[in-house]
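Enquirer: The structure under discussion is supplied below as structure tokens; questions concerning it will follow.
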Amino acid sequence: MKKNGIFLYSNKIAASVETRTRLEEKLEKSGYPVHNSLQEDTELVVVIGGDGTLLEAIHQFDFPDVPFIGINTGHLGFFQELMPSQLDDFIFNYGQNRFSIQELSTVDIRVDSNGVISNHTGLNEIAIKSNDNHSIHLNMSIGGSFIQRFSGDGVIIATPAGSTAYNYSLGGSIVDPRVNVLQLTPIAPMNTIAYRSFTSSILLPPELELGIIPDGRSSEKPLRIIFDGYCKNYSPVDSIKVSMGDKKVKLLRFDNYDFWTKVKSKFLL
Ligand code: NAP
């Protein structure tokens, strides 16, 4: 059977460069053309690095439809499926079609700034903060119904895939990616007689949109929108809409992959 190309994407640390060289040799010996860029007939992207490198590749190629697999040479490697010692197993199992595709939901944000609309997508989360460490004040609606006026450092809206990242550090819940929800998690919410909003995360079903209108002084000040660590400042912000993303990210998983075993191995052991 004709084999299409495999694109190798790596960060620059020595372990990644060495793994990439070994993998390239092994793939070529097994009859797979190795691509050094994302091409139309690329059938798989192998990302060598940590979660940060995987997020970088996904953003650089604008959430392509092609599946990704990660080889962990980074620190945590929550998305990553393989270790550098498993290259032969990877080529064998891939050739035997012994894998499944995990589809991960994304989150979309639409920012209206003076009538100019900007759109961004996150695989982990979108964070909304001030650009200068001041508190921000946001009027929030869910599905068109006004819910709360938030005051604090900001909010994040995390996907299930991102629930183990920034969201978890903020006290949010870990969500199995088979549960299709967005999680709105506050960052240092103020709760006094002056300000009142939910202090815990809340979960939103995929069909409901989160609407945000900056309140009072916040409407004149720049807001910082952070999508998987990539930042953009907007000023003034008239309105924001956040919803489940249109795009999906596909990760290749081998037969022994289990989400909760992975969570345990990265967070409890
Ligand atoms: P980064 O240094 O690239 O990542 C920070 C840490 O988060 C790294 O250890 C990374 O793993 C890990 N990580 C990334 N995605 C993850 C996921 N889905 N589940 C579990 N851990 C994950 O930081 P960055 O460039 O600023 O932003 C990238 C991501 O880092 C953001 O999307 C955000 O979720 C997370 N972040 C976390 C905090 C926090 O926890 N306080 C603050 C800012 C950002 P690797 O070591 O394998 O790269």
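The values are calculated or read from the model by the stated rules, or taken from the named source; none is laboratory data. Computed from a predicted model, the values in this text were never measured in an experiment. Methodologically, a virtual Cβ is constructed for each residue, glycine included, from the backbone with ideal geometry; neighbour enumeration extends over all protein chains shown.
Enquirer: I'd like the full set of residues that are of a type in the set (Gly, Ala, Ser), within 25 Å of Asp176 (Cα to Cα) and more than 12 Å from the ligand (Cβ to nearest atom), limited to the stretch 77-104. Steps first, please.
Expert: So in the stretch 77-104, the residues of a type in the set (Gly, Ala, Ser) come out as 77, 85, 95, 100.
Then keep just the ones that are within 25 Å of Asp176 (Cα to Cα); that gives 77, 100.
Scanning the stretch 77-104 gives a single hit, Ser100.
Enquirer: Now for a different question. More than 16 Å from the ligand (Cβ to nearest atom) and either over 14 Å from the mean Cα position of the chain (by Cα) or more than 22 Å from Val175 (Cα to Cα) (or both): does that describe Gly74?
Expert: No, not satisfied.
Enquirer: Using beta carbons and a limit of 9 Å, which pairs, at least six apart or on different chains, have the first residue in the stretch 53-65 and touching a residue at least 12 places away in the same chain (Cβ under 8 Å) and over 11 Å from Asp228 (Cβ atoms) and the second one part of a helix (DSSP H, G or I) and not acidic (Asp, Glu)?
Expert: Going by the 9 Å Cβ cut-off, the qualifying pairs are Thr53/Ser16; Pro64/Ile58.
Enquirer: Among the residues of the stretch 108-166, how many are under 16 Å from the mean Cα position of the chain (by Cα), of a type outside the set (Asp, Glu), buried (at least 23 other Cβ atoms within 10 Å of the Cβ) and assigned to a strand (DSSP E or B)?
Expert: Residues flagged as under 16 Å from the mean Cα position of the chain (by Cα), of a type outside the set (Asp, Glu), buried (at least 23 other Cβ atoms within 10 Å of the Cβ) and assigned to a strand (DSSP E or B) within the stretch 108-166 amount to 9.
Enquirer: Considering only residues of the stretch 253-269 that are in contact with a Phe, Trp or Tyr (Cβ under 9 Å, 6 or more places away or on another chain) and more than 16 Å from the ligand (Cβ to nearest atom), which is modelled with the highest pLDDT? Give the steps one after another, and end with the answer.
Expert: Step one: of the stretch 253-269, the residues in contact with a Phe, Trp or Tyr (Cβ under 9 Å, 6 or more places away or on another chain) are 253-255, 257, 262-263, 266-267.
From the residues that got through so far, the ones that are more than 16 Å from the ligand (Cβ to nearest atom) too are 254-255.
On the way: Phe254: 95, Asp255: 89.
Within the stretch 253-269, the match that is modelled with the highest pLDDT is Phe254.
Enquirer: For Leu8, indicate whether it is more than 19 Å from Gln96 (Cα to Cα), surrounded by 15 or more Cβ atoms within 10 Å (Cβ to Cβ) and in contact (Cβ under 8 Å) with a residue 12 or more places away in the chain. Reasoning before the result, please.
Expert: Numbers: more than 19 Å from Gln96 (Cα to Cα): yes; surrounded by 15 or more Cβ atoms within 10 Å (Cβ to Cβ): yes; in contact (Cβ under 8 Å) with a residue 12 or more places away in the chain: yes.
It is true that Leu8 is more than 19 Å from Gln96 (Cα to Cα), surrounded by 15 or more Cβ atoms within 10 Å (Cβ to Cβ) and in contact (Cβ under 8 Å) with a residue 12 or more places away in the chain.
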